[in-house]
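Data block below; observations after.
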Amino acid sequence: MMTHPLLPKLRQLRLSAMLHTLDVRAAQAQERGLTPVEFLALLLDDELDRRNQSRFVRRLAQSGCDPLKTLVQFDFAAAPGVNHTLIQELSTCAFVARHDNLLLCGPTGVGKSHLANALACEALKRDYRVFSRPTHRLLTDLHAARANGTHTRLLARLLNTDLLVLDDFGLQPPTAQGAQDLYEIISERYERCSIIITSNRAFEEWGELLGNDLLASAALDRLTHHAQTLVIRGASYRQRNRRKEVAGPIPT
C-alpha cells in the first residue's frame, strides 16, 4: 500500500485511508459492471464509515465511558428488576433529544452503572457529546481545576455536553462547595441538556445529601421536572455470582 501510485495524491487530499479498500472495490466494480459514479460512491461510503468510526472511538475515549459495558453485554436475565422494554426505548436516546433526565435508583449491584454507561454509549453512537464520571470524582476534579486554572474550561464542558452521567451520587457526601457545584451544573443544564444519575440512596434522601435545604429543593425541582425515574430492585448481581462460586458446582 505504501508504494501505491495514488498514495501521494490521496495523502494530499487527506484520503490515504481509501487505499484500504480501493483494490477490493475496483475488483467489485469490474465484476458487477458498476459505472464510475457507482464505484466512486462505494469508495466514499467506505471513507465516511471510517471517519464516523474514528470519531466514535475518539469521543468514546474522551467521554469516560467503559466500551465493555454496553446493552449487548448486559444480562437482563440476571436482572429481573430491570424493565427490558423501557431500556430499549431509552436506548433510542429520544430522551437526550428532548433534554430529559434519567434517574436510576436501587441497591448496590443491580446494574445501575452498567445501564447508565450503556445508554451513554448509545448516545455516542448517535453523535451526541457525552461526559461520564463518578460524582465524587467529578467534584474533586472541579475543586482541583480551581487551583490549576482549568476550572472554566472543565465547567463549560460539563454544562454544554449533550449527556452528562453522574454515577454513584450520594456514595460520598459532597462538601459545601461540592453541593454548590452540583446545584450550578443541574441548574445551568435545566431544559438544555440531559443528565443521567445513578444512586444507591433512596430518592427521598437526595435532598439531605446536598446539605442546604434551599439548594437541595431548587436542584431537585429542576432535576426531576423533565425526568424518568427508574427504581431497580433485587439482589446484587455480584453477590449472587459470589455465592455461586462459594457453593461450587452441583454434584452429579
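The values are calculated or read from the model by the stated rules, or taken from the named source; none is laboratory data. Not measured: the values here are computed from a predicted model. Ideal geometry is used to build each Cβ from the backbone, glycine not excepted, and the neighbour counts take in all protein chains shown.
Quick one: in the range 148-185, which of the residues that are among the hydrophobic types (A, V, I, L, M, F, W, C) and in a loop (DSSP other than H, G, I, E, B) is surrounded by the most Cβ atoms within 10 Å (Cβ to Cβ)? Among those that are among the hydrophobic types (A, V, I, L, M, F, W, C) and in a loop (DSSP other than H, G, I, E, B), it is F169.
Residues in the range 88-103 that are surrounded by 19 or more Cβ atoms within 10 Å (Cβ to Cβ) and either free of Cβ contacts under 8 Å to residues at least 12 places away in the same chain or not polar (S, T, N, Q) (or both): L90, C93, F95, V96, L102, L103. From the list S236, S194, S217, the lone residue that is under 28 Å from E122 (Cβ atoms), modelled with pLDDT of 85 or more and small (G, A, S) is S194. Which residues, taken from the range 37-82, are in contact with a strand residue (DSSP E or B) (Cβ under 9 Å, 6 or more places away or on another chain) and within 16 Å of G109 (Cα to Cα)? The answer is G81, V82.
Yes or no, residue by residue, for (1) farther than 19 Å from Q172 by Cα; (2) of a type in the set (D, E, K, R):
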{"position": "E89", "(1), (2)": "yes, yes"}
{"position": "N101", "(1), (2)": "yes, no"}
{"position": "S113", "(1), (2)": "no, no"}
{"position": "V130", "(1), (2)": "yes, no"}
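The set of residues in the range 123-139 that are hydroxyl-bearing (S, T, Y) and part of a helix (DSSP H, G or I) contains only T135. Among residues of the range 1-24 that are within 20 Å of E38 (Cα to Cα), those with a Cβ under 7 angstrom from a residue that is at pLDDT below 85 and part of a loop (DSSP other than H, G, I, E, B), sequence gap 6+ or separate chain, pair up as L19/M1; L19/H4. Taken together, D49, D45, D66, D23 contain a single residue that is among the acidic types (D, E) and surrounded by 14 or more Cβ atoms within 10 Å (Cβ to Cβ), which is D66. One residue stands out among those in the range 193-231 that are of a type in the set (G, A, S) and loosely packed, with under 15 Cβ neighbours inside 10 Å: the one that is farthest from F169 (Cα to Cα), which is S217. Any residue at all in the range 31-51 that's modelled with pLDDT of 85 or more, part of a helix (DSSP H, G or I) and among the polar types (S, T, N, Q)? Checked the range 31-51: no residue is modelled with pLDDT of 85 or more, part of a helix (DSSP H, G or I) and among the polar types (S, T, N, Q). Does any residue in the range 67-82 that is part of a loop (DSSP other than H, G, I, E, B) come within less than 9 Å, Cβ to Cβ, of a residue that is of a type in the set (S, T, Y) six or more places away or on a different chain, and which pairs are these? Going by the 9 Å Cβ cut-off, the qualifying pairs are K69/S113; L71/S91; D75/Y237; A79/Y237. Any residue at all in the range 104-122 that is buried (at least 18 other Cβ atoms within 10 Å of the Cβ), in contact (Cβ under 8 Å) with a residue 12 or more places away in the chain, of a type in the set (K, R) and not in a helix (DSSP H, G or I)? No; the residues of the range 104-122 include none that is buried (at least 18 other Cβ atoms within 10 Å of the Cβ), in contact (Cβ under 8 Å) with a residue 12 or more places away in the chain, of a type in the set (K, R) and not in a helix (DSSP H, G or I).
With respect to the stated conditions, Y183 fails to be aromatic (F, W, Y) and at pLDDT 95 or above.
Check the range 117-134 and report whether any residue there is β-branched (V, I, T) and either in the same structural domain as D49 (by TED's automatic domain parsing) or out of contact with any strand residue (DSSP E or B) (no Cβ under 8 Å at 6 or more places or on another chain) (or both). So far as the range 117-134 goes, no, none of its residues is β-branched (V, I, T) and either in the same structural domain as D49 (by TED's automatic domain parsing) or out of contact with any strand residue (DSSP E or B) (no Cβ under 8 Å at 6 or more places or on another chain) (or both).
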